[in-house]
Structure formats: C-alpha cells, structure tokens
Amino acid sequence: MSDVLLKVDNLKTHFFLDEGVVPAVDGVSFHLNRGETLAVVGESGSGKSITSLSIMRLIPSPPGRIVGGSIYFNGQDLLKLPEKEMRRIRGNKISMIFQEPMTSLNPVYRVGDQIAEALINHQGVNKKEAMEKAVEMLRLTGIPSPEKRAYEFPHQMSGGMRQRVMIAMALSCRPELLIADEPTTALDVTIQAQILELMQELQEKFGTAIIMITHDLAVVAEMADRAAVMYCGKVVEEATVEELFEKPLHPYTRGLLASIPRVEEEVDKLYMIEGTVPNLMHLPAGCAFAPRCPEAESRCHRARPELVEVSPGRKVSCWLVEGGAG
Amino acid sequence: MLRYFLKRLLMLIPVLLGVSLFVFLVLHLLTPDPALVVLGQHATAEQAEALRESLGLNDPLYVQFGRFLWDLLHGDFGRSLMTHAPVLEEILARFPATVELALAAIIIATVVGVTVGVISAVKQYSIFDYLSMIGALLGVSMPIFWLGLMMIIVFSLTLHLLPVNGRIDIGMEPAHITGLYVVDSILTGNWESLKSALKHLVMPATALASYSTAIIARMTRSTMLEVIRQDYIRTARAKGLKEKVVIYKHALRNALIPVVTVIGLQLGVLMGGAVLTETVFSWPGIGSRMVDAILASDYPLVQGTVIFTATVFVVVNLIVDLLYAWLDPRIKYS
C-alpha cells in the first residue's frame, strides 16, 4: 500500500450558468498522504470548497459539473465510480464536516439518530448497536453526559456542541479521509481552539488524514503538515507549513502572510492586498493574480504560469520564481 | 402541552360566541317572517301572531339571543321549521356522510398533492414539473360544480362506470357503527356494501379533492425546493445515504410542516360540508341539507348548521396545531 491516500490531478469543476461558464475549479492538483493534514488556503471564491465537494462528488448539478481531471483515492479514480459505489465511500471512507454547524444538522431528528444513521447505512449494525456507538462517539468528542445528549435535538445545543456532533457523525465509521470545510469559522475563538484540538486528538487516535479548508492562516499553522494555496480556481503554491511561513514563494502567499496583523509591531495602516478577486468568468489572459500583484512584469500579463516543482515537494506557479514556470 | 391544549380550548369560547352572535343577527334581520314560512301565505293575522308569540319572536332581540345561547349550552339547537325534528338530530343524521366525503377527499388530496409536489421539486423545470403545475393551476381555477357535472357526463352517463348520485345502492347499507359506510363495511366484512359505497364515493371525492390537491401540490413543491437547498440535506448526502432516503426522510419531513397547515385548513373547510359537491352529486351530507334549509327559510336549521360547522372547523384546526409539535420538535407549547 502506497503512502499516497488521495491524488487530485488537474481537476476541473465548472458551473454552467445562464450568464456564462464559471470555472470555479480550473486544473487543481495536489496529493495527500495517509494520516497527514493538508490545509487548503484561499480567499472566498478561490474554489477551495468546490474542490472538496468535487472529491465527495456532491457538486450541485445542474449547474455544476466536473468536466475534467481525476481524483485517485486509494488508487481508484472516484470520478469513474458509479453513483452506488460512491455512496459506499461517502460518510464511510471519506466524510466531511461543514462551516455552519447551526444549519448542518437536520432540525427534526435527534442527534443520536443522525449519527446512528451513518453507522446503520455503512456498517450493517442494528439500531440499538448503532445508538450505543453513537453515544460512544459523542463521548469521544467530549460532550458531557452523551447518553442524554444523544436524545436531544439540534436546537437544544450550542454551535460548538453541534460541531462536535458533526465530528462524531463524520468519524463514526472511522474514515480514512476527513474533509473539514472551514469547521471553526462560525465559532467563537475559544470554541475554535477546542474544536481544533479535538480534531487533532481524534486524528491521532484513528489515523485519519485531514483536508482542512480554511482562510485562517493561524489554523494552518496550528493544524497542518502541508498547505496548498489556492487563487481563482488554481493551486498557486504548495509547500510544507514551515516552508510556507518561513519562505513564501508566490507573491499572493506573501500578501496573505503580510496581512496578518502583529501585536509586536505598531503600524499606521494594516497591510492588505490591493484590488479584489477577479470575476471568474472574465479572467485575465496571464496570471490571474497579476492585476493585484505588486511585482508583476509584462510577461505575467501575457501568459499563465504552470504549477511546477521547484524543490522536492515544493511547487509554485509564478514567472518570477527561479526555476518556477520558467 | 396539556396546559396549552386547555388554553386553546378556552379560546374557542369567544370564537364560537362571536359566530353565534353573527349568525343570529344576520338571520333575524334578513330572513322572512318565520310565521309565514311555517303557516304559508293563507294564514290569518291572528294565527301568525299566535305562532310568533309561541316561538318567542315578539321578545326584544337580546332576550331572544340570550335564550338561544342558553339553549345552545344545553345542547338544544332548536327545532327545524320544516320537519319539527330537533336541529341537532337533523345535523348529526347527515354528518357522517359529510365526514366520509371530506376524509376521502383529503386523503386523495394529500397523497396525490404531496407526491406530485415532491416529484416536481426534485425534478424542477422538467416536463413533469411543468405539466403538474399546469394541472395544479387548472385544479384551483376549475369550478367544482362544472367538474362534477363533466365527471357525471363522462363516467356515469357515457361510460356507465359509476352511479350518478347518492352514497350507496338502496338496501346495501352496512350495519351502523360509525356512520361512515366505507368504514362500517370493512368493520363488518360486508364486501358488497364496500364495493357499492366506494363506487358512489370515488367521483364526488375526486371532484371535491381537485382544489385541495392543487393547493397541496403547489405548497409541497415550494417548501421542498426551499428545503433541498438546506445545509442538512448536503450533510445527509455526505453521509452516503440513498437519494430516496435523503428526499423522503430528511427533506420531506421538514417540508411537510407548512403543508400540514394547509391540509388542516382544507380539511376544516371540507368538513363544513361541501355545498356544491354535495348538491351536484345529491350527496346526503350537511352541505346539501343546508341548501335545502336556506331555500325553505328554515332559520333554526341554518343557524344550527353554521354553528356546528364552525365548531368542527376550529376543533380540526386545534388538532392540526397539536400535530406540529409531533412534526417539529422545535415547537414547544406552553
């Protein structure tokens, strides 16, 4: 068995709207090793959520469609699987937690039943066993008196509690891969830390690999082994977290890092990347970041740079980097 | 829950009081002299005066209303001017027919309406969606008496498949248990009666259901469209559930909450006697009885029927409100 659990290659997911085609994900490639945590970083609209939904094959269709590329999971191309086989993977081998714990649970069913449902669906256990396991999972996520909480409804719980329920549900079948789409964005800072800690703890316990979708670089530093930075539907830089923070190569990554306010420095004005993310329907001919890039040269506006490996495991797509795109 | 129920029951009192007052006033101000109705136009002035005196019609209006209320509280709805039988007896004799028709109609409307609504929402903008929504538009705009007559012409007079009117073939009535012929036939195992009762029921029930079916289908479609875009539906799919389970277990139950209100209101309306349908199909329910009573200026019977149907309407609505708590655990009554 190889070390690579997931390999996304040149994934393209486009949305076909009346106004035109939106290439939300346009040639994304990355890989993930077993048990490792990869952070996918980017602004809103960079395509990180669509990438994760593409892996689950849960793109709302119409209007969305995966138009190209491959997603190898354990050596099997998920995009070639019939829907029935894909259902056996969802929630079982790959599961997902979402940004909005308040609305991600069904309001009319007890949380225990909602967790048990995944177990009954994938592991063929009966209702009673599934409920016992659900209570056990709730206990693992640190919910006090889980045997009581399992019989409560989502509206009786706080946001943090509900996200714990989502984690319990996602991990109940011991998946090999957990995709967490901004799991802490909607939570208070103190709860955020608790949830991240819980995820790390359970990752160690179950050996789950995690794709952590986030725009929060603090979360990246805290959680991830490696990171992929996305901009306008493409990966622009991929590196280990240490490399990324110490020596960011892409001007966009540098801009993101520079945007973090520091306590020890007193500045008149906080740094920000000038301009806004371009409309995906009318991307510039060259590098998508060029119009906002402080270092852009004329060739940046003419042609798109490819994502190339500049050193082992280190990839970047920028004309200005030595050996990058060159 | 019990407290809420009792509170709601108490709130029925002012509602029914209002209805009683309104009906009483309207009928006393607008109907012709009951004495003339009873005695006919050849009665002498003395005879009419004597009858008015005996009916208490010479008393001031508030005394009459007080007496009317007092009698109501004792379950006395007065006597019909036409038959001289107690009004309540007249109503109760007809009520099972109305209940049977209303229940049959609401079952058809719910099953067809919800199914069509769900499929339309799941396959939005498909041919099925367009056709069923056109059908729903026809359903709400087609006059029931016209639809009923067309059905009679096609299925009874042309194809000879179904009887034109009535509840059951003469002499086929099952033993009386609930008064609903279909139910009684099943309870007594009388399959010949059941067949006859169903044959009589299917056309009026379908005609009566047309409007409710359309309303329920449109309501289900719009709430389903809203619900299937919710985050928890994505969660259900991410769990690897079959699409059928996602739609019918996770989405439908949430979508049904507003639909139940509509079903309840429709049932309340239908229980109050489907005047047009009962008249077209000569269905012996309280709706057709009320038409007879109005035509004969039988004001105690009209009065009694209105108050009775109003009571049924509010009670059905109360039951629907209690149903919510079962459907939606977020609703807590206190």
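Here, each number is a calculation from the coordinates, and none is a lab measurement. Just so it is clear, the model here is predicted, and its values are computed rather than measured. Every residue, glycine among them, receives a Cβ derived from its backbone with ideal geometry; neighbour counts consider all protein chains shown.
What is the set of long-range amide H partners of B:Ala274 at a cut-off below 5 Å, with H atoms built 1.01 Å from backbone N?
Counting only residues 5 or more places away or on other chains, the set is B:Gly287.
Mind checking the full-extension length gain between A:Glu136 and A:His282? Use 0.36 nm per residue of separation minus the Cα-Cα distance, one decimal, nm.
Stretched fully, the A:Glu136-A:His282 segment lengthens by 47.5 nm.
If amide hydrogens are placed 1.01 Å from N in the peptide plane, which non-local residues have theirs closer than 5 Å to the one on A:Gly35?
Long-range HN contacts for A:Gly35: A:Ala209.
Out of A:Gly27, A:Gly275, A:Gly45, any idea which swings most in a Gaussian network model of chain A, alpha carbons joined below 10 Å?
Of A:Gly27, A:Gly275, A:Gly45, the Gaussian network model singles out A:Gly275 as fluctuating most.
Sort all Cα-Cα distances of the stretch A:148-258 into consecutive 10 angstrom bins from zero, then give the percent of pairs in each bin up to the one containing the longest distance.
The distribution over the stretch A:148-258 is 12, 40, 32, 12, 3, 0, given as percents.
Compute the angle between helix A:127-140 and the longest alpha-carbon principal axis of chain A, please, reported from 0 to 90 degrees and rounded to the nearest 10.
The angle comes out near 50 degrees.
Calculate how many DSSP beta bridges within chain A are antiparallel, expressed in % of all such bridges and rounded to the nearest 5.
Approximately 60 percent, going by the DSSP bridge assignments.
Build a GNM of chain A with springs between Cα atoms under 10 Å: which of A:Ser70, A:Ser44, A:Ser61 gets the top mean-square fluctuation?
Highest fluctuation among the options: A:Ser61.
If you take the square roots of the eigenvalues of the alpha-carbon gyration tensor of the stretch A:186-313 and sort them as a ≥ b ≥ c, do you get rounded (a/c under 1.5), prolate (a/b over b/c) or oblate? Don't skip to the end; give the middle numbers.
Working: a/c = 2.04, a/b = 1.50, b/c = 1.36.
Since a/c reaches 1.5 and a/b is larger than b/c, the shape of the stretch A:186-313 is classed as prolate.
Given +1 on the Cβ of Lys and Arg, -1 on the Cβ of Asp and Glu, and no further charges, what dipole in debye does the protein assembly as shown carry about its Cα centre, rounded to the nearest 20?
Values: 59 positive and 66 negative charges, 271 e Å.
It comes to approximately 1300 debye.
Mind checking which of B:Thr311, B:Thr279, B:Thr178 has the largest fluctuation in a GNM of chain B, springs on alpha carbons under 10 Å?
Comparing B:Thr311, B:Thr279, B:Thr178 in a Gaussian network model of chain B, the most mobile one is B:Thr178.
Extension gain A:Leu270-A:Gln156, at 0.36 nm per residue separation less the Cα-Cα distance, in nm?
Roughly 37.0 nm would be gained on extension.
Counting each DSSP H run of 4 or more residues in chain B as -39500 (n - 2.57), what helix-only mean residue ellipticity at 222 nm follows after dividing by all residues, to the nearest 500 deg cm²/dmol?
Rounded to the nearest 500, the figure is -23500 deg cm²/dmol.
Give me Rg over Rh for the stretch B:178-230, both radii from the alpha carbons and Rh done the Kirkwood way, two decimal places.
Details: Rg = 17.3 Å, Rh = 13.5 Å.
Taking Rh as the inverse mean 1/r over Cα pairs, Rg/Rh reads 1.28.
Can you list the HN-Hα couplings for the stretch B:189-197, worked out from phi with the Karplus curve (6.51, -1.76, 1.60; θ = phi - 60°), rounded to whole Hz and with x for Gly and Pro?
x, 8, 6, 5, 5, 4, 4, 5, 5
Among B:Gln47, B:Pro60, B:Leu9, whose Cα lies farthest out toward the positive end of the dipole of the stretch B:1-85, if unit charges sit on the beta carbon of Lys, Arg (+1) and Asp, Glu (-1)?
B:Leu9
Please work out the Cα center distance from the stretch B:179-237 to the stretch B:30-106, rounded to the nearest Å.
The stretch B:179-237 and the stretch B:30-106 have Cα centres spaced 36 Å from each other.
Around B:His84, what is the net charge, scoring Lys/Arg as +1 and Asp/Glu as -1 over all other residues with Cβ under 12 Å from its Cβ? Numbers along the way, then the final one.
On the way: positive: B:Arg79; negative: B:Glu89, B:Glu90, B:Asp298.
Net local charge, B:His84 excluded: -2.
Straight-line reach from B:Lys7: which lysines fall under 16 Å, measuring Cα to Cα and dropping same-chain residues less than 8 apart?
List returned: B:Lys332.
Work from the charge dipole of the protein assembly as shown (Cβ charges, +1 for Lys and Arg, -1 for Asp and Glu, about the Cα centre) and give the residue of A:Tyr151, A:Pro23, A:Gly91 farthest towards its positive end.
Highest projection toward the positive end goes to A:Gly91.
Relative to the Cα centre, what is the charge dipole magnitude of chain B, using +1 at the beta carbon of each Lys and Arg, -1 at the beta carbon of each Asp and Glu, and rounding to the nearest 20 debye?
Rounded to the nearest 20 debye, it is 2220 debye.
Describe numerically, in nm with one decimal, the distance between label points set 7 Å from Cα along Cα→Cβ at B:Lys123 and at B:Lys7.
For the pair B:Lys123/B:Lys7, the computed spacing is 4.6 nm.
5 Å is the cut-off here: which amide hydrogens, built 1.01 Å from N in the peptide plane, fall below it relative to A:Lys234, excluding neighbours closer than 5 in sequence?
A:Asp26
Could you go through the stretch B:229-235 in sequence order and give the Karplus-derived ³J(HN,Hα) for each residue, using 6.51 cos²θ - 1.76 cosθ + 1.60 with θ = phi - 60°, rounded to whole Hz, and x for Gly and Pro?
9, 6, 4, 5, 6, 4, 4
Using +1 at the Cβ of each Lys and Arg and -1 at the Cβ of each Asp and Glu in the stretch B:205-310, identify which of B:Ile263, B:Met219, B:Gln303 lies farthest towards the dipole's positive end.
B:Met219
How big is the gap, in Å, between the Cα center of the stretch A:101-142 and the Cα center of the stretch B:298-334?
Value for the Cα centre distance between the two parts: 38 Å.
With θ taken as phi - 60° and the coefficients 6.51, -1.76 and 1.60, list the Karplus ³J(HN,Hα) couplings across the stretch A:165-173 in order, rounded to whole Hz; mark glycine and proline as x.
Couplings: 4, 4, 5, 4, 5, 5, 8, 4, 9 Hz.
Taking the Cβ-Cβ separation of A:Lys127 and B:Tyr62 as r and a Förster radius of 60 Å, what is the calculated FRET efficiency to the nearest 0.05?
0.40
Residues with beta-carbon under 13 Å from that of B:Val260, excluding B:Val260: net charge, scoring Lys, Arg +1 and Asp, Glu -1?
Summing Lys/Arg as +1 and Asp/Glu as -1 gives -1.
Report the FRET efficiency, 1/(1 + (r/R0)^6), for A:Asp188 and A:Asn33, where r is their Cβ-Cβ distance and R0 is 41 Å, rounded to 0.05.
In this case the efficiency is close to 0.80.
Filter the cross-link list A:Lys7/A:Lys315; A:Lys84/A:Lys234; A:Lys93/B:Lys239; A:Lys128/A:Lys148; A:Lys84/A:Lys127; A:Lys93/A:Lys234 down to pairs whose alpha-carbon distance in this structure exceeds 20 Å. Intermediate values should be presented prior to the final figure.
Working: A:Lys7/A:Lys315 15 Å; A:Lys84/A:Lys234 30 Å; A:Lys93/B:Lys239 10 Å; A:Lys128/A:Lys148 15 Å; A:Lys84/A:Lys127 23 Å; A:Lys93/A:Lys234 26 Å.
The pairs that break the limit, which is 20 Å between Cα atoms, are A:Lys84/A:Lys234; A:Lys84/A:Lys127; A:Lys93/A:Lys234.
If I histogram all Cα-Cα distances within the protein assembly as shown using bins 20 Å wide from 0, what percent of pairs lands in each bin?
Going out from 0 Å in 20 Å bins, the protein assembly as shown shows 15, 34, 25, 17, 8, 1, 0 percent.
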